[in-house]
Structure formats: C-alpha cells, structure tokens
Amino acid sequence: MLREFFSSVTFIFFGSLIFPCNCETILPKISKEETDQYTVIFSGFIKKIIHQPDGDFAEFVVNVPYKGLIPRDIKISYDNSTSCKMEFFPGDEWLIYSKKDSVNKKWTVNFCDRSRKYPEGDETDNYTIYSGMTIDEEIRFLAKTYSSGQTVGEDTLTMIEEDKKIVVDVNRQQNLGTPKEKLILLICSLTGMIIIYLIIKKFVK
C-alpha cells in the first residue's frame, strides 16, 4: 500500500515530464482481458523509419511473437508529430501492443497504450511507474498467458484475412485415432482383402 502511494506521488510530480501526452495517470492493471483488446503483441527491433505522405511507419523485425499472426517485417503506423509522438529510432527494441485499423488496414500504436521500449544498459525505465510493473514482469505475464503468437509472410497473412482460412501446421501429424482403433482398422482391412481374394479364387477356377 505504501509502495503504491509513493509511486502515485512520484508520477504526479514527474509524470508530466516523462509523458508529455495527456494520458491517464497509470495504465489499468495488466490482465488477459486488458491485453486481449490488442490484435498482435510482440517484441522486436526497429529496422527502419519510413516517412510517407499518409503518415510515418516504423518497420520492425519481430523477435518474439506473443499474440496473433504477425508479419516477419511488420510496419507499424505511429504519431510522429504531436505531443503524443512515439520516440521510435532504428535499432531500438520495443514491446509492441498493436491494433489493426479496420478502415486503412494499418497496424497502429498509441502513445497512451501499453507499448514500451526496452531499457538499455543502466538506462532508467520510467515506464515502470506508468505501467505498474517492470518489463521483465510484463514479459513473464505474456509468456504465461499467450502461446498463439506466430510470424508469417505478408502474403500468407493477406490470404488468411481475405479468405478467412485457418492456418495449419504442415508438420503436424494426422490424427488417425488411438492405437487400438488403428489396430482394429488394420485387421478389418486384412480380413476384407482375404475375403475378396477367396471369392475371386473361387470364381476363377
């Protein structure tokens, strides 16, 4: 209780300096219900920044996919011009929570959402106050909560989204029943072959 009080006081005094955007005081406590609102969750490195007339993008190389089907090189649309801009720079590693814009079909992130940068070396992780947990604690939560994350090619993802097809692991063994069921099937097949052989032999004489 005392720890939470001091954290709140610290954020009130220094939060405006750390987070210039008009976000809530702190994020809601992390939970599956809270993180399920994001389409994809992953950690990755920023490969490059792309400036385009219709907005800026950060291209990430996915390191660990936690939730959703994620292109190997995913382009994330972000704010790079207001007080809510994301401080994205090539080479930085981030934990990304992204939603897909249903209108423009863009992966997007928001400054006030859960996306956070991995601290480097002795760098202080100021985001810990905002999120209420360290990045290591958050990673452990995601690893425990999700196991559906998967990286796919852009073409594969487009096909799945447009055709609503189900991704199937091509290396997965076919399920042909239990060992007992397989044995019964084998016996029935052999019996049928023997009966057919005897019938043919009888009429061929």
- prompt: Restricting to the stretch 130-149, what's the tally of residues that are closer than 13 Å to THR35 by Cβ, in a loop (DSSP other than H, G, I, E, B) and touching a Leu at 6+ places or on another chain (Cβ under 7 Å)?
  reply: 0
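Residue-wise test of (1) in a strand (DSSP E or B); (2) in contact (Cβ under 8 Å) with a residue 60 or more places away in the chain; (3) not assigned by TED's automatic domain parsing to the domain that holds SER147.
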| position | (1), (2), (3) |
| --- | --- |
| GLN37 | no, yes, no |
| PHE42 | yes, yes, no |
| LYS48 | yes, no, no |
| ALA58 | yes, no, no |
| VAL61 | yes, no, no |
| TYR66 | yes, yes, no |
| LYS75 | yes, no, no |
| GLY91 | no, no, no |
message: Taking the conditions exactly as written (closer than 26 Å to THR145 by Cα and either touching a strand residue (DSSP E or B) at 6+ places or on another chain (Cβ under 9 Å) or modelled with pLDDT of 95 or more (or both)), does THR25 satisfy them or not?
response: no
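Conditions tested, residue by residue: (1) loosely packed, with under 13 Cβ neighbours inside 10 Å; (2) outside the structural domain of ASN22 (by TED's automatic domain parsing); (3) at positive phi; (4) modelled with pLDDT under 70.
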position	(1), (2), (3), (4)
LYS100	no, no, no, no
GLU120	yes, no, no, no
MET133	no, no, no, no
VAL170	yes, yes, no, yes
ILE187	yes, yes, no, no
LEU190	yes, yes, no, no
LYS205	yes, yes, no, yes
task: From (1) farther than 27 Å from CYS21 by Cβ; (2) at pLDDT below 80, pick out the condition that doesn't hold for ILE194.
output: (2)
message: Looking at the stretch 33-61 only, could you name the residues that are surrounded by 19 or more Cβ atoms within 10 Å (Cβ to Cβ) and either closer than 19 Å to ASP101 by Cβ or basic (Lys, Arg) (or both)?
response: TYR38, VAL40, ILE41, PHE42, PHE57, ALA58, PHE60
- prompt: What number of residues in the stretch 103-129 are assigned to a helix (DSSP H, G or I) and either in contact with a helix residue (DSSP H, G or I) (Cβ under 7 Å, 6 or more places away or on another chain) or under 19 Å from ILE74 (Cα atoms) (or both)?
  reply: 1
Unmet criterion (only one of (1) over 19 Å from ASN63 (Cα atoms); (2) out of contact with any Leu (no Cβ under 9 Å at 6 or more places or on another chain); (3) not polar (S, T, N, Q)) for CYS112: (2)
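The values are calculated or read from the model by the stated rules, or taken from the named source; none is laboratory data. As the structure is a computational prediction, the values presented were derived from the model and not from experiment. Every residue, glycine as well, gets a Cβ built from its backbone with ideal geometry; the counts of neighbours run over all protein chains shown.
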